[in-house]
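Here is the structure we will look at, set down as structure tokens.
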Amino acid sequence: MYLILNKYAAGGSAKKKWEKVKSVICKMFDEINVVDIDKVNLIVHAIKEAIKDSEKDFIIAGGDGTINLFINRLIDTTDVKEIKDVRIGAIGIGSSNDFHKPRYNQNLIAEIPAKINFNSSEPRDVGVIKYRTGAEILHKYFLLNASIGVTAEANHLFNKPDSILKILKKYFTPLAILYAAVKTIFAFENFKAQIVFNSYKTYSFQISNLSIIKNPNFSGDLSYPGESNYHNGIYDVFLAHSMNKLDLINLLKSLSKKIFPRNEKTKYCTSSRIKITTENDFLIEFDGEIISTNYAEFSILNKYLNICIN
């Protein structure tokens, strides 16, 4: 079994979290090959070696971005036949650890969330982003959710923190998330985008935030209403448009209570395909990672990856 370890997650505090669970994890499995995330080329090597040796179980110890990095390398490295038997577990030593939400006591090891029971796994949907960068068309993948607008900008700041945020990330994660959100809101400007849902009519909006959801939980204690559905082959789509700073602050407060306001500046729908185009580049955040483009298409690989649920 391979364990992909990111000791640098959560502003560097992941190392201490890993030490809390390391001995327990090592006792649970007969043989563990640990691959450090700072050697990214070794992740692809580990995947190839594992597949060659018919070893199909992986544990990802890090945050949501670490899981995201792994599944992108996995999908890019393997074919449909090879990936069918792969099983993925995770240990949440990152900042937000949305992959593990909602959290249950039976999935905690020394207060650290862990889903590493390979006898309890299920096939889950994988989100696909097809996007343009320069003259190239590329693909990225995600398990939880993606966003455009203020949430993406806040995540970009969180990933590239200023001096204050660096300290908050390491020691006060909830405060760090709030700081990034509020600072981003006051600097954010709406932008015009054309959106097509399920290849039907084209809509034009001044985007404040667009969230494309498989898991409603994101960024600490923030959440959209509803429950996760990892198997239905569709997204929940929450759009906020034409909002001013006060509107965005109120939206933040509502989402902290798992409420999405319904008014003339918000929209909700479900969709399996979404296309977004803009005149200028915008950021897309997906499971903590960031890309920039002016054209993106979202689709779903239905029940594509086997994920531990306990």
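Only one of the numbered conditions (1) touching a Ser or Thr at 6+ places or on another chain (Cβ under 7 Å); (2) exposed (fewer than 14 other Cβ atoms within 10 Å of the Cβ) is not met by Ile51, and that is (2). Among the residues of the stretch 104-129, which ones are hydroxyl-bearing (Ser, Thr, Tyr) and open to solvent by 30 Å² or more (accessible area, probe 1.4 Å)? Hits for the stretch 104-129 are Tyr104, Ser121. If you filter the stretch 1-39 down to residues that are among the basic types (Lys, Arg) and exposed (fewer than 13 other Cβ atoms within 10 Å of the Cβ), you find that the one that is nearest to Thr66 (Cα to Cα) is Lys39. Among the numbered conditions (1) over 25 Å from Gly63 (Cα atoms); (2) surrounded by 14 or more Cβ atoms within 10 Å (Cβ to Cβ), the only one that Ile213 does not meet is (1). The residue of the stretch 57-84 that is least open to solvent (accessible area, probe 1.4 Å), among those that are farther than 17 Å from Leu5 by Cα and of a type outside the set (S, T, N, Q), is Ile83. Scanning the stretch 240-281 for residues that are without any contact (Cβ under 8 Å) to a residue 40 or more places away in the chain, touching a helix residue (DSSP H, G or I) at 6+ places or on another chain (Cβ under 7 Å) and more than 18 Å from Ala154 (Cβ to Cβ) turns up just one, Pro261.
Determine if the stretch 219-235 includes at least one residue that is under 17 Å from the mean Cα position of the chain (by Cα), surrounded by 16 or more Cβ atoms within 10 Å (Cβ to Cβ), under 18 Å from Phe298 (Cβ atoms) and hydrophobic (A, V, I, L, M, F, W, C). Looking for residues that are under 17 Å from the mean Cα position of the chain (by Cα), surrounded by 16 or more Cβ atoms within 10 Å (Cβ to Cβ), under 18 Å from Phe298 (Cβ atoms) and hydrophobic (A, V, I, L, M, F, W, C), one finds at least one in the stretch 219-235, hence yes. Only one entry of Arg87, Arg132 meets the criterion of being more than 29 Å from Phe188 (Cβ to Cβ), open to solvent by 60 Å² or more (accessible area, probe 1.4 Å) and in contact with a strand residue (DSSP E or B) (Cβ under 7 Å, 6 or more places away or on another chain), and that entry is Arg87. Of the residues that make up the stretch 274-284, is at least one hydrophobic (A, V, I, L, M, F, W, C), within 28 Å of Ile116 (Cβ to Cβ), open to solvent by less than 20 Å² (accessible area, probe 1.4 Å) and under 20 Å from the mean Cα position of the chain (by Cα)? No, the conditions are met nowhere in the stretch 274-284. Meeting the requirement of 3 or more residues that are in contact (Cβ under 8 Å) with a residue 60 or more places away in the chain, the helices (runs of 4 or more DSSP H) wholly within the stretch 18-137 are 64-77.
Within the stretch 249-273, work out how many residues are open to solvent by less than 80 Å² (accessible area, probe 1.4 Å) and not in a loop (DSSP other than H, G, I, E, B). Total satisfying the criteria: 10. Residues in the stretch 238-248 that are open to solvent by less than 70 Å² (accessible area, probe 1.4 Å) and farther than 17 Å from Leu222 by Cα: His241, Ser242, Met243, Lys245.
The values are calculated or read from the model by the stated rules, or taken from the named source; none is laboratory data. Since this is a predicted model, take the numbers as computed values, not measurements. As a convention, Cβ positions derive from the backbone with ideal geometry for all residues, glycine included, and neighbour counts pool all protein chains shown. Protein only, heavy atoms only, side chains kept; ligands, DNA and RNA dropped before computing areas. Shrake-Rupley method; radii C 1.70, N 1.55, O 1.52, S 1.80 Å.
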